[in-house]
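**Student:** Before I ask anything, let me first share the structure, which is written out below as structure tokens.
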Amino acid sequence: GIGPTTGTGPRIIAIANQKGGVGKTTTAINLATALAATQTRVLVIDLDPQGNASTGFGIARGNRGRDSYQLLSGTLPLSETQVDTGIPGLTLVPSGMDLAGAELELVDIDRREHRLADALTRTPAGRPGPSDAAVDYILIDCPPALGLLTLNALVAAHAVLIPLQCEFFALEGISHLMTTVERVRARFNPALEIQGIVLTMFDRRNNLSDLVAEDVRTYFGDKVYETVIPRNVRVSEAPSHGKPVLLYDLACAGSRAYVKLAGEVIRQTRTLAA
Ligand code: ADP
Ligand code: MG
């Protein structure tokens, strides 16, 4: 394969921010689609009970049954929870109805923070071993909270990618997430990295967007992607058609931005692997 992490297993990236509506799901769907378009194989895990990533790929709720709840509970191995998205190189572990209760159920379970990490390294035979996901990237779409579901994603991941909306208090919001990342490093996953911060819903007619972007870049330096995702109506329309924006309107500004972001992520992962 030509994947950046061939031989070392997939690069697992949690897309997280405890704030809702900042572009996590949109980034998971469209970054995954843009990565898959470059011949890299991608798996998206929908870890949000709301299931927006699943519906965004046109996977209807009724078709589910193989889902991320079964992955967390250990009922099914990864290979049996993946569904085809119809997009070459892109598979999905959908969210399921039961995921809403998972947060509570997990509290009393053994290795509750490690359920997803364990599932991602389980062979089809159930023995511990290399991941049975024959993919280059696994993107985990996290719910808008720092509960056990997001914790499971951060423990399973190599890195966290943080979408940040260009609005007032954006930096304040992120400090809570950074504290959680520190805690996860200290207790569960010492190697957890910051993959990057992507500015979303950027409005270039709005001075505040520029000011916030400047602040974030001053604070986080080169951890902030050069690519900025503009606010773009085509991006917000695409999910209601059950399609990533790249398949809905490839030429729009939102699609172009996600293609550019994928390029940055690929270059970055190559550098890390080198
Ligand atoms: P989250 O997963 O963090 O809750 P979403 O990705 O679901 O956030 O985005 C929240 C809302 O904003 C959705 O309705 C989505 O379609 C819309 N949205 C996200 N990114 C953009 C964008 N670049 N331009 C316009 N609308 C966007
Ligand atoms: Mg979401």
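**Student:** Which ones in the stretch 141-152 are away from ligand 1 (no atom under 11 Å from the Cβ) and either within 13 Å of Asp48 (Cβ to Cβ) or surrounded by fewer than 24 Cβ atoms within 10 Å (Cβ to Cβ) (or both)?
**Tutor:** Leu146, Gly147, Leu148, Leu149, Thr150, Asn152
**Student:** Which of the residues that make up the stretch 185-234 are within 16 Å of ligand 2 (Cβ to nearest atom) and on the phi > 0 side of the Ramachandran plot?
**Tutor:** Within the stretch 185-234, Met201 is the sole residue that qualifies.
**Student:** State which residue is nearest to the chain's Cα centre (by Cα) when the search covers only the stretch 155-165 and only residues that are crowded, with 24+ Cβ neighbours inside 10 Å and away from ligand 2 (no atom under 16 Å from the Cβ).
**Tutor:** Across the stretch 155-165, the extreme among qualifying residues is Ala157.
**Student:** Considering only the stretch 1-32, state which residues are within 15 Å of ligand 2 (Cβ to nearest atom), in a loop (DSSP other than H, G, I, E, B) and either at pLDDT below 95 or more than 20 Å from Leu250 (Cβ to Cβ) (or both).
**Tutor:** Ala16, Asn17, Gln18, Lys19, Gly20, Gly21, Val22
**Student:** Can you pull out every residue in the stretch 68-110 that is crowded, with 21+ Cβ neighbours inside 10 Å and within 18 Å of Val135 (Cβ to Cβ)?
**Tutor:** Ser68, Leu71, Leu78, Thr81, Gln82, Thr85, Leu90, Thr91, Leu92, Val93, Pro94
**Student:** Okay, moving on. Scan the stretch 103-123 for residues that are within 19 Å of the chain's Cα centre (by Cα) and either modelled with pLDDT under 90 or under 29 Å from Lys243 (Cα atoms) (or both) and report the count.
**Tutor:** Here the count works out to 6.
**Student:** Search the stretch 34-55 for residues being crowded, with 24+ Cβ neighbours inside 10 Å and away from ligand 2 (no atom under 16 Å from the Cβ), and hand back the single one that is nearest to Gly254 (Cα to Cα).
**Tutor:** Ala34
**Student:** In the set Arg64, Arg41, which member is modelled with pLDDT under 95, of a type in the set (D, E, K, R) and more than 11 Å from ligand 1 (Cβ to nearest atom)? Even if it seems obvious, please write down each step before you answer.
**Tutor:** Numbers: Arg41 fails: modelled with pLDDT under 95.
After ruling out the rest, the residue left standing is Arg64.
The values are calculated or read from the model by the stated rules, or taken from the named source; none is laboratory data. Values in this document were obtained by computation on a predicted structure and should not be read as measured data. Neighbour counts run over all protein chains shown; Cβ positions are idealised from the backbone, glycine included.
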